[in-house]
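Read the structure below first, then the notes.
The values are calculated or read from the model by the stated rules, or taken from the named source; none is laboratory data. This one's a predicted model, so the numbers in the text were calculated from it and none came from an experiment. Methodologically, a virtual Cβ is constructed for each residue, glycine included, from the backbone with ideal geometry; neighbour enumeration extends over all protein chains shown. These area figures cover heavy atoms from the full protein model, side chains too; ligands, DNA and RNA do not enter into them. Shrake-Rupley method; radii C 1.70, N 1.55, O 1.52, S 1.80 Å.
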Amino acid sequence: MNRLSRIEAAERLTTANPWWRGAAIYQVYPRSYLDTNGDGIGDLPGVTARLDHIATLGVDAIWLSPFFTSPMKDFGYDVADYCDVDPIFGALADFDALIARAHALGIKVMIDQVYAHTSDLHAWFAESRTSRTNAKADWYVWANPKADGSPPCNWQSVFGGPAWTWDARRGQYYLHNFLSGQPQLNCHLGAVQEALLGVARFWLDRGVDGFRLDALNFAMHDPAFTDNPPAPDDGKARTRPFDFQQHRYNQSHAAIPAFIERIRALADSYDAVFTMAEVGGDQALSEMQLYTAGDARLNSAYGFDFLYADRLTPNLVAKAQGDWPDRAGVGWPSWAFENHDAPRAISRWCAPQHREAFARVKMLLLAALRGNIILYQGEELGLDQIDIPFEQLQDPEAIANWPLTLSRDGARTPMPWTAQDEHGGFSSAPPWLPLGATNLAQAADRQIADPASLLNLTIRLLDLRRSNEALRLGDFDLLHADECTLAFRRGTPDQSVVAVFNLAAAAAIWPADLDGGGVLLVSVNGAAPGEMLPPFGALLVEESV
């Protein structure tokens, strides 16, 4: 077998590939990770206190969701001070301690950067709205009303209603693609770009190893404020005015790649800093590939191929992987099955009675994909989407569109650390969201003591991926995809691994064109090479080269 030890794998990556290529990244939502001061809200010292759990998983990096100063109208994605920690989460000294501990454990640290908008409480916006002539008058997107006083164009907000809010101080409307408390930055302006690059430099100087760039395709708009055309009816339910438009002009401007190149140049100047964009929308694939093309733009991007899919099918996986061929000039993808905005995959993709078996095949599939893989906190425990009653909702989008929008809160519930504790070891006080009884039963202390648990399987799979060049760095060759069964090969010149999956709840026939020969690396749910595949059975076999 051409497997590498942990030390050999690290050395190989250092000399031949950047650390992030093929990496496993663990997303931490600090608000729900661990509360150390008894206010029911997770904090940065809580992340530091549980870094040993993350190190045991064997991931390469963590990605921290926003912890910056914020009024929390959108739970940190409305930033009031890019260069400070909100008191809810601690202080800058707590962030520095987190960085130091993570690096001591060999874990890289990525943080969110939100460049499309700020909070309306940010000092930049406070100055911008005072007049049309102040030093920051053009730092946000302002526009005059039409002759009848209505907004300058028909753009709609993601969270519902017009994307324009009237401001009497300037006698103009300001743009917000999300909440009205998230005014849109004018990233066309060189001074705004310089300020945002200064923010990135501030965190790079504190030791961060990478950035996840939030909603990057919203960073620039059409300065002519052209009306968006109506969207054709695709049969899907429309719960927001936003759903009735093609978003050609309020986002995705052609000047974004030039700004991206400035971000990448800054990151490269700090050596091996990883840049990854989040890109959503109907044109996500073309935009992700545009933003990662060549060597001067971002290192990677991820979209919503899996995050909002209602089923996990062989063809979905085949298409997602096929969209990113191993070809010169094509970027490197990243993949997430779950995150803080999307419903838990275990609840979307299988019936409750199949969740244990399905969680195992899902984790093996994630570990076998070409690209970077992102685990959302609790995914290693098989956490469910929790149904949050209306009176306990925190998510502004869910509240505004109740009951037609699925709450993001259901995926943001606190981590269960200890099964016998009332609050799961997350806090000494009632947490900001309920844990949910099913998730409490999946607590980390219970699973780490069980060799057959999903947590321990995840540890083994990430170790296999990290130490196996074909899985981490190899190309992707689709071998078979039908309604139930998926087979592909991951390979380098020195190694070849065949992956076979039954993604259905019924047994499936082993693909006729695969002989199943080789060394069995791992198997889940009773799968064996060359035999009938059990429900949700899957395996990896190393072939002779």
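Taking a ≥ b ≥ c as the square roots of the Cα gyration tensor eigenvalues, with a/c under 1.5 meaning rounded and otherwise prolate when a/b beats b/c, else oblate, which class fits segment 259-343?
prolate
Could you list log10 I(q)/I(0) for segment 39-109 at q = 0.11, 0.16, 0.19, 0.27 Å⁻¹, which the Debye formula gives when each Cα is one point scatterer?
-0.27, -0.56, -0.76, -1.21
Rounded, prolate or oblate: which fits segment 344-454, taking a ≥ b ≥ c as square roots of the Cα gyration tensor eigenvalues, rounded meaning a/c under 1.5, else prolate when a/b beats b/c?
oblate
By average Cβ neighbour count within 10 Å, what is the ranking of 447-459, 330-342 from highest down?
With the highest mean Cβ count within 10 Å placed first, the list reads 330-342, 447-459.
Using r as the Cβ-Cβ distance of residue 121 and residue 482, and R0 as 56 Å, what FRET efficiency do you calculate, to the nearest 0.05?
Rounded to the nearest 0.05, the efficiency is 0.55.
Quick one: what do you get for segment 447-545 if you divide its Cα Rg by 2.2 N^0.38 Å?
So the Cα radius of gyration is 1.08 times the expected 2.2 N^0.38 Å.
When you take every Cα atom in segment 96-192, what is the radius of gyration, and what is Dmax, the widest Cα pair distance, in Å?
17.5, 61
Given (1) 67, 23, 20; (2) 39, 26, 24; (3) 60, 21, 20, which label gives semi-axes √(5λ) of the Cα gyration tensor in Å as computed from the coordinates?
Working out semi-axes √(5λ) of the Cα gyration tensor in Å from the coordinates points to (2).
Under a crude label model (7 Å from the Cα following the beta-carbon direction), how far is residue 419 from residue 130 in nanometres?
Between residue 419 and residue 130, the label points sit 5.9 nm apart.
Could you sort 167-173, 115-121 so that the peptide with the highest average Cβ count within 10 Å comes first and the rest follow in order?
115-121, 167-173
With the cut-off at 1.5 for a/c, could you classify segment 144-195 from its C-alpha gyration tensor as rounded, prolate or oblate?
oblate
On a 1.4 Å probe surface of the protein chains, which of 74, 243 comes out largest in accessible area, and what is the full order? Each step should come with its number before you reach the end.
Values: 74 10, 243 40 Å².
From most accessible down to least: 243, 74.
Tell me the net charge near residue 130. Cut-off is 12 Å between Cβ atoms, residue 130 excluded, with +1 for each Lys or Arg and -1 for each Asp or Glu.
On the way: positive: 129, 132, 136, 169, 170; negative: 127, 167.
That works out to +3.
From the convex hull of the Cα coordinates of segment 401-449, what is the mean projected area in square nanometres? Before the final figure, lay out each step's value.
Numbers: hull surface 15.3 nm².
For segment 401-449, the mean projected area of the Cα convex hull comes to 3.8 nm².
What does the accessible area of residue 348 come to, in Å² to the nearest 10, when a probe of 1.4 Å is used?
40 Å²
For residue 205 and residue 100, compute 0.36 nm times the residue count separating them, minus their Cα-Cα distance, and round to one decimal in nm.
36.5 nm
List nothing, just return the count: lysine pairs in the chain, 8 or more apart or interchain, with Cα separation under 26 Å.
For the chain, the number of qualifying lysine pairs is 5.
Between residue 268 and residue 17, 0.36 nm times their residue separation minus their Cα-Cα distance comes to what?
That works out to 88.9 nm of additional length.
Show me the ranking of peptides 128-138, 469-479 by mean Cβ neighbours inside 10 Å, starting with the highest. Don't jump to the answer; show the numbers that get you there.
Numbers: 128-138: 15.3, 469-479: 20.1.
Highest mean packing first, the order is 469-479, 128-138.
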